[in-house]
1. Under a 5 Å amide H to amide H cut-off, with H placed in plane at 1.01 Å, what residues pair with THR84 once short-range neighbours are removed?
2. Along the principal axes of its C-alpha atoms, what lengths does the stretch 1-85 span, in descending order and rounded to whole Å?
3. Quick one: which of 6-13, 34-41 comes out on top by average Cβ neighbours within 10 Å, and what's the full order, highest first?
4. Label-point separation (nm) for SER27 and HIS90, each offset 7 Å from Cα along Cα-to-Cβ?
5. Plugging the Kirkwood radius over Cα pairs into Stokes-Einstein for the chain, at a temperature of 37 °C and a viscosity of 0.692 mPa s, what D comes out in µm²/s?
6. Which whole-number percentage describes the relative contact order of the stretch 6-139, with Cα contacts under 8 Å and a sequence gap of 6 or more?
7. Where in the chain are the helices, taken as whole DSSP H runs, whose Cα atoms extend 20 angstrom or more along the long axis and whose Kyte-Doolittle mean reaches at least -1.0?
8. In whole Hz and in residue order, list the ³J(HN,Hα) couplings for the stretch 38-47 that follow from phi through the Karplus curve 6.51 cos²θ - 1.76 cosθ + 1.60, θ = phi - 60°; x for Gly and Pro.
Amino acid sequence: MTSDVTKLLIIDGQKLITDLLQANLVSGGEFYVESAKCMTEAVNRLQTGVSEAYDIVLLELDLSEPITVRAVAHIVELSSPAKTVLFSRHADPVFIESCVEVGGFGFVPKTLSLNAFKSVLNFIASGQVFIPAKMHSTAKGGRDDVKGVLTQREMSVLGKISIGLSNKQIADCLDVQESTVKMRVRSLCKKLGAANRTQALVNAQRQRILPQH
């Protein structure tokens with residue numbers, strides 16, 4: 001398998017869907033696809049340490065068991081460095097935003113055409129969060145400035161970064177786990193177009209989200 005092939009794990013209990021996706025995506029030679037029919041199977045596979053075999057994990061929201069933000073965070077943690085993306089016919093914008101907060105890479109609707117679907121997968125594989133424009137507008141009340149995109153929790157972490165605190169110190173201040181802080185840093189970096197926390201701080205100051213010192 002060449003390095004330019006995008007490797008997917010699809011978590012979806014609908015075998016017809018996974019079979020169709022696998023056949024259509026693999027045929028062009030751009031994608032390699034594996035599937036798991038439920039969370040348990042996916043977790044067992046990811047816990048074996050094969051997460052680096054994937055670039056993207058597509059998680060169907062309508063599985064037999066309820067998909068919570070905590071469950072998404074667990075998949076995000078297990079599948080890293082693969083990018084976990086929610087995948088369904090419809091989803092609640094606020095829920096999607098919460099999942100992005102814990103490290104998810106957005107939401108891909110099943111209603112996309114195959115060509116659009118491939119384009120979105122390539123976009124996500126490049127490290128970008130994808131949320132359909134209509135859903136993004138609904139979740140953010142139509143605001144398109146970066147400050148409106150950052151959540152209150154992310155703003156709190158950004159403020160602590162601006163005064164030089166480490167992730168551990170931020171976790172102690174906010175009374176959360178250090179892993180939670182890391183996920184929020186990762187999320188705000190993506191939203192600010194930054195490769196790391198230092199660049200995120202610079203970008204936030206340039207965009208007047210935080211005052212320049």
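Values quoted throughout were computed directly from the atomic coordinates according to the rules given, and no laboratory measurement underlies them. All values reported here derive from a predicted model rather than from experimental measurement. Every residue, glycine as well, gets a Cβ built from its backbone with ideal geometry; the counts of neighbours run over all protein chains shown.
1. The list, which skips near neighbours in sequence, is VAL57, PHE105.
2. Reported extents, whole Å, longest axis first: 34, 27, 19.
3. 6-13, 34-41
4. 3.0 nm
5. Estimated diffusion coefficient is 183 µm²/s.
6. Relative contact order of the stretch 6-139: 22 percent.
7. Qualifying helices: 178-192.
8. 7, 4, 4, 5, 5, 4, 4, 5, 5, 6
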